[in-house]
Amino acid sequence: MPAIPAIKTLHDIQLIEQTPLAERDLPASTFELISRAAARQPDAAALSFILQGSTDEAAYRLSYRQLLGKITQTANAFHRLGLRPGKAVSFLLPNLPHTHFTIWGGEAAGIVNAINPLLDPEHIAELIQASDSELLVTLAPFPGTDLWAKIEGLREQLPTLKAIICVDMANLLPEPQRSATKAQRGVLPNGVLDFDALIASCPDDHLESGRVIAPDDIASYFHTGGTTGTPKLAPHSHANEVAMAYSMNLVTGFAPGDVTLCGLPLFHVNAVIVTGLTAFIGGAEVLLATPQGYRNPNLISNFWTIIEQYKVSFFSGVPTIYAGLLQVPSEGHDLSSLKYALCGAAPMPVELIHQFERKTGLTLIEGYGLTEGTCGSCANPPAGERRPGSIGLPMPYCQVAIKVLDEQGNFLREAGRNEIGNLCIRGATVFKGYLQSSKNTGIWVDGDWFNTGDLGRIDADGYVWLTGRSKDLIIRGGHNIDPQMIEEALHKHPAVAMAAAVGKPDEKAGELPVVYVQLKPGAQTSEAELLAHAAEHIPERAAIPKDAWVIDAIPLTAVGKTFKPALRFDAIGRVYQAVLAELDQRLRVDVRSDDKRGQVAHIYLPTHDITLAEAVTKRLAGFAVAIELHHTE
């Protein structure tokens with residue numbers, strides 16, 4: 001078998017792929033992957049955890065032998081509670097060692113279903129029901145957390161649950177705080193099992209089920225948000241996750257002695273795969289940096305000290321994290337352990353990359369992936385040329401293509417070099433379709449290529465460039481405008497921390513570009529100054545925004561992506577509100593998503609005045625966004 005080269009160019013990836021993945025002797029399952037790592041280096045550090053993000057706390061540490069033991073015990077506990085292959089255990093947890101035990105133990109016993117703890121209770125219940133979960137792992141009551149309160153209110157709605165298992169964070173506190181916290185809380189709620197006590201009674205050296213896990217067995221469900229309707233569940237097989245970890249590590253090069261910091265949430269594939277399974281396949285150590293991860297202000301303010309203290313070699317983030325870290329002084333810290341950092345989940349403004357690298361001296365690698373592809377599909381090669389603004393080369397064994405589709409989403413042809421089209425993926429890391437079959441309509445094109453919904457192009461050297469999301473395009477009089485062009489220009493303004501461009505409705509042009517701006521702490525500027533800056537730095541006249549609206553914070557998803565639907569809805573609301581004020585100052589607009597129509601503006605009329613209702617309908621007839629009229633009396 002030929003040696004695996006360091007990835008510098010597309011040619012190196014092609015050399016790697018000359019050996020089929022089936023000949024790479026990969027583990028059959030995630031449990032076998034971790035078992036192999038433990039057999040190679042049983043006493044090496046595998047998982048560390050800091051609770052508060054302070055620089056003087058002692059880390060909780062597990063060796064590979066200990067980590068495998070905890071995972072095995074967890075799988076056995078779930079099995080004793082009735083979890084079987086094909087059935088799911090849901091978890092609703094922050095970033096804790098127990099979260100890793102639950103993920104990999106759950107995959108060894110059955111299927112693990114990851115749930116975002118920040119969702120409202122109704123969505124949590126929907127995901128538990130959609131996954132047909134029989135077990136739930138969550139937090140015991142603990143000061144400053146609300147997870148148990150969410151679950152307690154849902155227990156009657158979840159009759160199929162056989163058991164609720166609680167992780168007691170008090171067990172992670174040093175004495176005397178541990179005893180004091182438990183005494184203040186009292187005993188665990190009736191009928192709830194204590195995670196630590198439960199697994200302590202189970203063997204740590206073998207799976208009691210005797211299960212032989214097949215590569216095609218489903219390992220996990222991860223929910224992926226659409227802009228409308230309920231989140232979709234993406235099933236990943238063991239083969240998907242193992243192939244992803246192997247491919248990712250051909251890029252990252254994690255090895256024994258490396259430390260990867262995990263600050264992104266473990267209900268998301270980035271944290272689970274990049275700063276999780278990929279580290280384990282390479283024999284590296286994972287540092288869980290507080291239960292809240294990057295949401296913990298202590299971690300951010302102490303970030304560079306923690307990097308120095310734990311000799312972190314790698315971390316992964318999203319653009320908003322890097323924008324925040326730019327405000328934290330790194331001077332005077334020894335950052336020599338850092339090899340590079342990865343940015344994914346959303347396009348990284350080129351100016352932000354340059355600012356971050358100038359400030360820290362750190363190499364920033366842009367990548368791209370999505371839940372349906374198990375995690376990553378593209379990355380700039382650390383050993384080769386990085387092209388800021390590009391998402392890099394396809395990762396080994398991850399096929400990427402640009403397809404030109406018609407207006408109905410049907411395949412027309414392959415895109416040419418540098419021609420914009422729909423970015424599509426396929427290969428060993430791509431899932432087979434959503435758990436809910438109704439969600440699979442139209443997701444495949446040209447056979448078995450998954451349409452990501454992102455627009456992109458591939459240059460002559462094989463580098464992939466995102467040009468926007470198909471739904472994010474601003475279409476002005478039939479002219480397609482890339483919002484990223486506007487955002488890049490605004491990020492060059494010294495007062496701007498983050499910028500997000502969307503289209504606002506217009507009667508003549510259909511849409512006109514506008515930009516929302518979040519300022520750096522303490523910075524001041526005006527809309528006129530921002531618009532003048534945009535006009536100076538945006539080369540395309542049609543893309544110059546008509547408005548620059550300064551807001552307190554750009555809305556984000558739970559994993560740090562800019563949540564464009566909220567901004568589009570806000571822009572529609574602003575336009576409609578201003579237009580309707582001409583008719584009656586009491587008219588109110590509320591824009592919401594609709595499963596069938598996408599976005600709908602709900603207009604609230606103060607009276608049952610038929611004449612006013614007709615005037616509203618007539619006044620808004622020239623806009624494309626659907627409306628519904630409601631009477632508040």
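Hey, what does the equivalent ellipsoid look like for the stretch 474-562, semi-axes from the Cα gyration tensor as sqrt of 5 times each eigenvalue, largest first, whole Å?
Ellipsoid semi-axes (Å, largest first): 21, 15, 11.
So what's the stretch 565-631 giving for Cα Rg divided by 2.2 N^0.38 Å, two decimals? List each step's numbers first, then the result.
Working: Rg = 11.3 Å, N = 67, 2.2 N^0.38 = 10.9 Å.
Normalised by 2.2 N^0.38 Å, the Cα Rg of the stretch 565-631 equals 1.04.
Grab the alpha carbons of the stretch 116-224, take their convex hull, and tell me the volume per residue in Å³. It would help to have the intermediate numbers written out before the result.
Details: hull volume 16.7 nm³, N = 109.
Per-residue hull volume (Cα only) is 153 Å³.
Hey, what angle do you get for helix 610-619 against the long axis of the chain, alpha-carbon based, 0 to 90 degrees rounded to 10?
The helix 610-619 is inclined about 80 degrees to the chain.
Enumerate the aspartates and glutamates that LYS70 could reach by cross-link, defined here as Cα to Cα under 13 Å, with residues fewer than 8 away along the same chain left out.
LYS70 reaches ASP196, ASP204, ASP205.
Going from the alpha-carbon gyration tensor of the stretch 228-372, what semi-axes, largest first and in whole Å, does one get by taking the root of 5 times each eigenvalue?
25, 18, 14
Place a +1 charge on the Cβ of each Lys and Arg in the stretch 565-631 and a -1 charge on the Cβ of each Asp and Glu, then give the dipole magnitude about the Cα centre in debye, rounded to the nearest 20.
Numbers: 9 positive and 9 negative charges, 33 e Å.
Charge dipole of the stretch 565-631: 160 debye, to the nearest 20.
List the lysines whose Cα lies under 22 Å from the Cα of LYS8, skipping any in the same chain that are fewer than 8 positions away.
Counting by Cα, and skipping residues close in sequence, LYS8 has these lysines nearby: LYS339.
Say a paramagnetic label sat at a point 7 Å from the Cα of GLU582, along Cα to Cβ; which residues of the stretch 598-619 have their backbone N under 11 Å from it?
Label zone hits: 619.
Would you be so kind as to identify which of PRO505, LEU325, PRO394 lies farthest towards the positive end of the dipole of the chain, taking Lys and Arg as +1 and Asp and Glu as -1 on Cβ and the Cα centre as origin?
PRO394
Using θ = phi - 60° and the Karplus relation 6.51 cos²θ - 1.76 cosθ + 1.60, list the HN-Hα couplings for the stretch 31-43 in order, rounded to whole Hz, with x at every Gly or Pro.
5, 5, 4, 5, 4, 5, 4, 5, 5, 5, 8, x, 9
Which of rounded, prolate or oblate describes the stretch 261-342 when judged by the alpha-carbon gyration tensor and an a/c cut-off of 1.5? Before the final figure, lay out the partial values.
Details: a/c = 1.84, a/b = 1.27, b/c = 1.44.
In terms of gyration-tensor shape, oblate.
To the nearest 10 degrees, how steeply does helix 564-581 sit against the main Cα axis of the chain, on a 0 to 90 scale?
30 degrees
Based on DSSP, what percent of beta bridges with both residues in the stretch 10-458 are antiparallel, to the nearest 5? Kindly include the intermediate steps, with their values, before the conclusion.
On the way: 30 of 66 bridges.
Roughly 45 percent of the DSSP beta bridges within the stretch 10-458 come out antiparallel.
Each residue of the stretch 297-307 in order: what ³J(HN,Hα) in whole Hz does its phi give by Karplus 6.51 cos²θ - 1.76 cosθ + 1.60, θ = phi - 60°, with x for Gly and Pro?
Listing the rounded values in order: x, 4, 4, 5, 5, 9, 4, 6, 5, 5, 4 Hz.
Can you tell me, using C-alpha contacts under 8 Å and at least 6 residues apart, the relative contact order of the stretch 474-562 as a whole percent? Don't skip to the end; give the middle numbers.
Working: 158 pairs, mean separation 26.9, N = 89.
Once divided by the residue count of the stretch 474-562, the mean separation gives 30 percent.
May I ask you to derive the relative contact order of the chain, considering only C-alpha pairs under 8 Å and at least 6 residues apart, and to give it as an integer percent?
Values: 1316 pairs, mean separation 66.0, N = 633.
Computed value for the chain: 10 percent relative contact order.
Using the Cα centre of the chain as origin and beta-carbon charges of +1 (Lys, Arg) and -1 (Asp, Glu), tell me which of PHE267, ILE627, LEU161 is placed farthest towards the positive end of the dipole.
In the chain, that residue is LEU161.
Under 17 Å from the Cα of LYS504, which lysines turn up, not counting those fewer than eight places away in the same chain?
LYS504 reaches LYS471, LYS546, LYS564.
In units of 2.2 N^0.38 Å, what is the alpha-carbon radius of gyration of the chain?
Numbers: Rg = 25.2 Å, N = 633, 2.2 N^0.38 = 25.5 Å.
Relative to the 2.2 N^0.38 Å estimate, the chain comes out at 0.99.
About the Cα centre of the stretch 366-503, how large is the charge dipole given +1 on each Lys and Arg Cβ and -1 on each Asp and Glu Cβ? Please answer in debye to the nearest 20. Before the final figure, lay out each step's value.
Details: 13 positive and 16 negative charges, 34 e Å.
In debye, rounded to 20, the stretch 366-503 gives about 160.
Using Cα centres only, tell me the gap between the stretch 37-92 and the stretch 150-216 in whole Å.
13 Å
Which one, SER201, ALA548, ALA125, is farthest towards the positive end of the dipole of the chain when Lys and Arg carry +1 and Asp and Glu -1 on their Cβ?
Value: SER201.
About its Cα centre, what dipole magnitude does the stretch 474-562 give when the only charges are +1 on Lys and Arg Cβ and -1 on Asp and Glu Cβ, stated in debye to the nearest 20? If you can, show how the numbers build up before the last one.
Values: 8 positive and 12 negative charges, 20 e Å.
Around 100 debye, computed over the stretch 474-562.
Compute the orientation-averaged projected area for the stretch 12-101 from the convex hull of its Cα atoms and round it to one decimal in nm².
Details: hull surface 37.2 nm².
Approximately 9.3 nm², given one-decimal rounding.
Could you give the length gained on full extension between HIS354 and ASP205, defined as 0.36 nm per residue of separation minus the Cα-Cα distance, in nm?
On the way: separation 149, 0.36 × 149 = 53.64 nm, distance 4.92 nm.
Additional length available on full extension: 48.7 nm.
Here, each number is a calculation from the coordinates, and none is a lab measurement. Just so you know, these numbers come straight off a predicted model, no measurement behind them. Every residue, glycine among them, receives a Cβ derived from its backbone with ideal geometry; neighbour counts consider all protein chains shown.
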